[in-house]
Structure formats: C-alpha cells, structure tokens
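For reference, the structure is listed below as structure tokens.
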Amino acid sequence: MSKRTILLCASVGTLVFSAGSVSPNSDSEPSIDAPRHASVAERSPAGAGGEATSLQQLSAAYAPSAPQASGADSQSEADSPREESSALLPAPADLEEPTLWLARAIYSETKLPHEQELVAWVVRNRVETAYRGRRTYRAVVLDPYQFSAFNPGAAKRARYLRLQPEASLPRWRQALWVARYVRHAEGRAYRPFPVETRHFYSERSMRGRAVPYWAERGGFVAPDPGRYAVDERRFRFFKQIS
C-alpha cells in the first residue's frame, strides 16, 4: 500500500477521501441515468463509521499506481475492460450537494484518481478565493467556459448534470470519494499546491488548438512528485492567473 493511501486513511479515519477551461476527457459514457432525486444531505466524516472502512477498499478507491484508463483515453468507461474488472465501491452515505457538484466536475475531467484529486483542489481553490465572483461549488462548476463538459451547448453537459451517487460506474463512485476527501481535508499538509492555483489545461486535449493565453504568462505549479505522478502532457497547473 502506498504512503499516499496510508496518509489519506489516517487523515479521515474511514473510507472518506480523498479548473481550467479544457478537459482531456473525450469519452462517451452510456447508462449513467440514475434516479435524479437522491438525497444529498451529508454527514461529517466522523459520522461515517458505519460505512465500509477497510484499507483494501480505500486502496481500491484511491491508488495512483492502479492501472486504470483515463478520460484522455479512447475507450469509454462502459467499454473499458479495466473498468469491467474494477470493484464497484459503495457511494458515500448522505452526500452533500457541494460534494456532488465537485465529483461531477472531476469525473468530467479525468478518470484517474490522483488527477481527480488535483483537479478537485483547483475547484476548491476557486470556491475559497471566490474566483470570478463564484462562491459555491455549483457556481464554480457551471461558470461559463471554465470546465468544458459544462459549457453551454456541450454535448455531454446533460449527462454529467444528471449524474447521481447511485450511478453504477466504478470511476464515478471513486470520484465521489475523492471529492468528499478534498472538501473535508483540513491543514496545509494536504494541499498539493497553493490556494492561488486555480487553472489547469491538458496538452493532449489541445491538439490543433492554441495553448491558453494565461499559460504563457508563467505561474506553472508542479505538484510534489513524491506524492503525485502526473504526466505534464495530460495536466499542467497554474497559479496567480487573474
């Protein structure tokens, strides 16, 4: 088990885990129609003791070295052989609505858990700094032309908007746990980069298009390589972009 997994487990005591304008996710995701009126009133992490809490499940939910396909890959979640072999985690009980919005955002960007965590911190940073005047997770995610899957008229916008915790997609369930972890993580030690880090882009998704103008101004942030293995062609993070 990785040191990162142990750190995450210790930080919350249970199986509670652990934006840019361009998404590397080019997948289609059929069969995500879950009930649309699920309860989203969440208990605090300390009240999650009744949920599955084994280290094995934590490792399955959050393992940066796990061989999983990502949003930048050509196979959809439903079509991926790796996805078919993945264990379906239980959804966190009684999720709060902000966590659900955060999970939708990170799931739309990538299917790899360590990348989901980093993207989640970008979203949280935007909320905490009221970037562009948005002070809630819903407002940040739906901020026009910030997260490509939620752009007005985007082909997959409706699919992601109707995702609910009950949807039987392993990487979606993983995203729920990652989102919950990031929302509840306290202390500077858990932050992968400064709170001013509020942008990212994916070189792989920029084929044939210009690099975002703000990326040429500097402010590149490299997450700690001892904690994260991030391919810079997939995600590059930036701070102090106005």
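From the list Glu216, Glu186, pick out the single residue that is under 18 Å from the mean Cα position of the chain (by Cα), acidic (Asp, Glu) and either open to solvent by less than 40 Å² (accessible area, probe 1.4 Å) or on the phi < 0 side of the Ramachandran plot (or both).
Being under 18 Å from the mean Cα position of the chain (by Cα), acidic (Asp, Glu) and either open to solvent by less than 40 Å² (accessible area, probe 1.4 Å) or on the phi < 0 side of the Ramachandran plot (or both) holds for just one of Glu216, Glu186, which is Glu186.
Using the structure shown, decide if Arg159 is more than 21 Å from Ala222 (Cα to Cα) and surrounded by 19 or more Cβ atoms within 10 Å (Cβ to Cβ).
So Arg159 fails the test.
Restricting to segment 197-213, and then to whatever is under 20 Å from Tyr131 (Cα atoms) and over 18 Å from the mean Cα position of the chain (by Cα), can you tell me which residue is most open to solvent (accessible area, probe 1.4 Å)?
Looking at residues that are under 20 Å from Tyr131 (Cα atoms) and over 18 Å from the mean Cα position of the chain (by Cα), I get Tyr213.
Checking the structure you have, find out if any residue of segment 226-233 is out of contact with any His (no Cβ under 6 Å at 6 or more places or on another chain) and open to solvent by less than 30 Å² (accessible area, probe 1.4 Å).
No, there is no match, as no residue in segment 226-233 is out of contact with any His (no Cβ under 6 Å at 6 or more places or on another chain) and open to solvent by less than 30 Å² (accessible area, probe 1.4 Å).
Restricting the first residue to segment 135-156 and requiring it to be within 12 Å of Leu102 (Cα to Cα), which pairs with a second residue that is in a loop (DSSP other than H, G, I, E, B) and not basic (Lys, Arg) meet a Cβ separation below 7 Å and a spacing of at least six or different chains?
Short answer, once both residue conditions are applied: Val141/Phe147; Phe147/Ala19; Phe147/Ser23.
Yes or no, residue by residue, for (1) hydrophobic (A, V, I, L, M, F, W, C); (2) part of a helix (DSSP H, G or I); (3) within 10 Å of Leu176 (Cα to Cα); (4) under 9 Å from the mean Cα position of the chain (by Cα):
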site: Ala91; (1), (2), (3), (4): yes, no, yes, no
site: Leu100; (1), (2), (3), (4): yes, yes, yes, no
site: Ala120; (1), (2), (3), (4): yes, yes, no, yes
site: Arg126; (1), (2), (3), (4): no, yes, no, no
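Within the bounds of segment 81-95, is there any residue that is under 25 Å from Arg204 (Cα atoms) and touching a Phe, Trp or Tyr at 6+ places or on another chain (Cβ under 8 Å)?
There is no residue in segment 81-95 that is under 25 Å from Arg204 (Cα atoms) and touching a Phe, Trp or Tyr at 6+ places or on another chain (Cβ under 8 Å).
Could you tell me which of the residues Ala38, Ala69, Ala60 is at pLDDT below 95, among the aliphatic types (A, V, I, L, M) and in a helix (DSSP H, G or I)?
Of the residues listed, the single one that is at pLDDT below 95, among the aliphatic types (A, V, I, L, M) and in a helix (DSSP H, G or I) is Ala60.
Take the residues of segment 216-225 that are modelled with pLDDT of 85 or more and not in a loop (DSSP other than H, G, I, E, B): which is nearest to Ser242 (Cα to Cα)?
Ranking the qualifying residues of segment 216-225, first place goes to Phe220.
The values are calculated or read from the model by the stated rules, or taken from the named source; none is laboratory data. Everything quoted here is computed from the prediction, not taken from an experiment. All Cβ positions, even for glycine, are placed from backbone atoms using ideal geometry, and neighbour counts span all protein chains on display. Surface accessibility is based on the protein's heavy atoms, side chains included, excluding ligands, DNA and RNA. Shrake-Rupley method; radii C 1.70, N 1.55, O 1.52, S 1.80 Å.
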